[in-house]
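The values are calculated or read from the model by the stated rules, or taken from the named source; none is laboratory data. For clarity, every value in this text was computed on a predicted model and none was experimentally measured. Here the Cβ positions follow ideal geometry from the backbone for every residue, glycine too, while neighbour counts run over all protein chains shown.
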Amino acid sequence: MAAGVLSGVRQVLRGPRLVSAVLSCHGQTFSSAAAPDTGETVRDKILNFPITQPDYFHLSELFTIKDLFEARVHLGHKKGCRHRLMEPYLFGSRLDVDIIDLEQTAEHLQQALNFTAHVAYRGGIILFVSRRRQFGHLIETTARECGEYAHTRYWKGGLLTNAPIQYSPGVRLPDLVIFFSTLNNVFQQHVGIRDAAKMNIPTVGIVDSNCNPSLIPYPVPGNDDTPVAMEMYCRLFKMTINRAKDKRRQMELLRGISASV
Amino acid sequence: MAASGCRGVRSILWKYGSCGKNFCVSRSKTVPQLPVRQICVSSSLWKKNLAAAGPQKFTQEFIDKQVEEFEVGKRHLANMMGEDPETFTQEDIDRSIAYLFPSGLFEKRARPVMKHPDEIFPKQTAIQWDAEGRPFHFLFYTGRQSYYSLLHDVYEKILAIERHQDKMRNKGLFTSETKQILLTGSRWLLKEEIEEYLVENISDHDYVRLIQLMEKLLSMPYCSLEEEFILKFRKQLEAQSSKHEIPALQYDPQGVAFSVADGRRKTAKASITLRDSGSGNITINGRNYLHCFPLLQDREQLMFPLHFAGALRLAISRALLSFVSEGEVERIRQAGLLTADPRIRERKKPGQEGARKKFTWKKR
């Protein structure tokens, strides 16, 4: 049972800070009985090599700050709607409208896309969440095209926290949740953010100037109201995930050839 | 992950003889190899929570084994009854079981039965993810994948039709007089029927939302592109008048057309012959109708006080169908003359004066 638990943990990426937990578990009395054979080392190489590179998937070429500007990502809400914790991410305000700092957005977006790519590379389950009815169909289509999952409907209570009852015993939870809009239709924070934090599931979130970025490990300050901006985000995430999956397939094929030779 | 680490640590405690208590042990190297003494354990940890377990689930292997046993047993039964095992149907099985195990029990479901396991074990949804744990359907994590994917598809079709409309407008070929879908004589599927189609439970609100979306699809000019999709969710209503069988016209030796029809009301039965002579004489049991119904002064259609008369009315209307045109048939049907009255006399109950009348109530 314990060995099975460990192999399960190894298969799924839980974030760099939890890799150390995996290693300390190894230090316990029970370790997997199988000695590492050539199959294991090849697989470990496939999984561990990309983490050592800063931009393994070359995601910086997917977007520029000019693209973000033209997609109106920098436009926030009015000054009165501003959230206190978003002030570090704001460039300023013009005619009472908050302007988001695109340089910070670019950094955060780069990190978020990189993380998504690594999760997709390691075969993790990605869940797109948004409660904006205007973009629900777009997000569901994006998810279907990437081969990932979407939830743009009413969020029932225990979907993450009470999963064996809500779905079936033995269900696998998402390994990454991407929020295209962190607020629900009554301008309260989406329940999924808190639930994902409770279940130790890392989150990427597009935070607008009226959102609370505190519980989100990879916030991306940006506009979540304009159709152009949302289409751009969907396109970027889709390209990242497809790229990562293609890379993984490529690596498997290459190593498969080299291992069989 | 922290939770999985904890589970692993708990397995050490199992080895050393503790049972089932949730410890939060630090993962330091200096964990002593001593047995951990349990302080107290509540019996609620051992009892199975029957309410939370839900309906009993059977594995696919178990059901396959049952199907095998059923097939083998069927062949044995056929041999026992001296019949051919190849052509042994379910009716033969039922007959044989009723013969071999005669049961006088009133409750049909308590009698011995031998049926295919698919009919006995409740249908369960198959496991919805693959070997790695990834679900098959992209809307699995919503909890209601069929319903939401249906909404998604309908919305997709609405968008496709809008794009088509824009294309036609651009070309200058946009017209509102496009082929419309025939909706008369059909109704939307009911909530239960939709639940059956989706194999999922939906609420009233969800059903209303779905119907609203379908109506929106129907309201667009080019909705005929998705005709067959929409008709999947509409059920044809049977035309009422076609159900009435019109008695055939017969001709007696003089060449006069006549038709025969029956009618029933409560315990009275009427069988009449309607002749095309045109004299207007009505004979009941050999006597003139004025002798039978002396109290009535109005037309025969108002024979309400007498149930005997209700049977006559139904029989007359049915016989009349073969003499009149189609439009008249519809009018007769709409007047309510062709509906058989299903009311019968309610039985008297013990402790009461009659069917409904109670004995006099005395306060003390």
* Structure fact -> The condition from (1) surrounded by 12 or more Cβ atoms within 10 Å (Cβ to Cβ); (2) at pLDDT below 80; (3) in a loop (DSSP other than H, G, I, E, B) that B:SER322 misses is numbered (2)
* Of all the helices (runs of 4 or more DSSP H) wholly in the stretch A:118-214, which have at least 2 residues that are in contact with a Ser or Thr (Cβ under 7 Å, 6 or more places away or on another chain)? -> A:136-146, A:191-198
* Asked: Just for the stretch A:85-96: of the residues that are free of Cβ contacts under 8 Å to residues at least 24 places away in the same chain and surrounded by 14 or more Cβ atoms within 10 Å (Cβ to Cβ), which one is farthest from the chain's Cα centre (by Cα)?
  -> A:SER93
* To do: Kindly provide the set of residues from the stretch A:204-230 that are surrounded by 24 or more Cβ atoms within 10 Å (Cβ to Cβ), under 16 Å from the mean Cα position of the chain (by Cα) and of a type outside the set (A, V, I, L, M, F, W, C), ordered by number.
  => A:GLY205, A:PRO219, A:PRO221, A:GLY222
* Does at least one position in the stretch B:124-131 carry a residue that is away from chain A (no Cβ under 14 Å), of a type in the set (A, V, I, L, M, F, W, C), assigned to a loop (DSSP other than H, G, I, E, B) and within 25 Å of the chain's Cα centre (by Cα)? -> no
* Using the structure shown, decide if A:GLN134 is more than 9 Å from chain B (Cβ to nearest Cβ), of a type outside the set (Lys, Arg) and surrounded by fewer than 22 Cβ atoms within 10 Å (Cβ to Cβ). => yes
* Asked: Pairs, please: C-beta under 6 Å, at least 6 apart or cross-chain, first residue without any contact (Cβ under 8 Å) to a residue 40 or more places away in the chain and in the stretch B:90-108, second surrounded by 10 or more Cβ atoms within 10 Å (Cβ to Cβ)?
  -> B:ILE93/B:MET114; B:SER96/B:LEU77; B:SER96/B:MET81; B:ILE97/B:PRO112; B:ILE97/B:MET114; B:PHE101/B:PRO112; B:SER103/B:ARG111; B:LEU105/B:ARG111
* Sole residue being within 30 Å of B:ILE230 (Cα to Cα) and assigned to a loop (DSSP other than H, G, I, E, B), chosen from B:HIS164, B:HIS152, B:HIS137 -> B:HIS137
* From the options B:VAL41, B:VAL67, residue that is surrounded by 11 or more Cβ atoms within 10 Å (Cβ to Cβ), modelled with pLDDT of 75 or more, part of a loop (DSSP other than H, G, I, E, B) and not hydroxyl-bearing (Ser, Thr, Tyr) -> B:VAL41
* Any hit, the stretch B:148-159, residues being under 27 Å from B:ILE202 (Cα atoms), touching a residue at least 60 places away in the same chain (Cβ under 8 Å), in contact with an Asp or Glu (Cβ under 8 Å, 6 or more places away or on another chain) and within 13 Å of another protein chain (Cβ to nearest Cβ) -> yes
* In the stretch A:179-189, is there at least one residue being closer than 24 Å to B:GLU132 by Cα and out of contact with any Asp or Glu (no Cβ under 8 Å at 6 or more places or on another chain)? -> no
* Asked: Out of (1) free of Cβ contacts under 8 Å to residues at least 24 places away in the same chain; (2) surrounded by fewer than 16 Cβ atoms within 10 Å (Cβ to Cβ); (3) among the aliphatic types (A, V, I, L, M), the odd one out for A:ILE99 is which?
  -> (1)
